[in-house]
1. Any idea which of (1) loosely packed, with under 12 Cβ neighbours inside 10 Å; (2) modelled with pLDDT of 80 or more; (3) in contact with a Leu (Cβ under 9 Å, 6 or more places away or on another chain) is the one Lys77 doesn't satisfy?
2. What residue, among those in region 105-136 that are surrounded by 14 or more Cβ atoms within 10 Å (Cβ to Cβ) and on the phi > 0 side of the Ramachandran plot, is farthest from the chain's Cα centre (by Cα)?
3. Give the residue that is surrounded by the most Cβ atoms within 10 Å (Cβ to Cβ), with candidates limited to residues of region 1-27 that are outside any helix (DSSP H, G or I) and of a type outside the set (A, V, I, L, M).
Amino acid sequence: MWSEPRVVTLKKLWAEGLSASQIAKELGGVTRNAVIGKVHRLGLPYRATPSRPAKRSIPRTRAHLAPRRFRKAVEIKPAPAPIPDTLGPIDPSLTTYGLNAFTCRYPFGDPSVEGFTYCGRTCEGPYCAHHRAVVYKPSSAAELKAAERFAGWLDRNPRMPSGFAL
């Protein structure tokens with residue numbers, strides 16, 4: 001494949017500045033990658049790639065559209081302090097079979113031990129307001145904002161469709 005006359009032609013075309021694809025077409029029967037490999041093995045001088053237009057990086061937010069002096073500083077609020085669980089279950093005999101879409105599912109005790117039960121208070125979601133504050137710990141400001149929007153949605157939609165469970 002790489003006879004002496006082909007290697008001489010390769011060196012000549014490489015020195016003239018032809019690309020590996022152009023050299024492959026000129027020689028015939030070889031690929032661009034074969035030309036690049038042979039150039040590398042022969043130790044021919046490295047050439048800079050032809051100039052390409054610079055890629056513009058597109059920012060992920062629209063903050064770049066506003067002048068810097070008008071950008072608002074993002075205020076990250078600390079996570080609320082944990083609320084101690086001082087409430088006990090409404091019905092100490094409430095089991096998994098007694099739960100429905102509108103009862104708090106906050107567990108009390110170990111499921112593998114006798115006496116395990118749930119909170120059982122009426123709510124619009126998996127937990128009553130008290131246990132939602134105990135269970136949910138937002139990990140970022142964005143999650144905190146989403147949780148506030150969702151809580152607002154729950155307040156505006158007290159009657160969820162039947163079978164709706166969070």
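1. That leaves (2) as the condition not met.
2. Residue satisfying both the conditions and the ranking: Gly120.
3. Going through the qualifying residues, I end up with Ser19.
The values are calculated or read from the model by the stated rules, or taken from the named source; none is laboratory data. Only a predicted model underlies this, so the values are computations on that prediction, with no experimental measurement involved. Quick reminder, even Gly has a Cβ in these numbers, built from the backbone with ideal geometry, and neighbours come from all protein chains shown.
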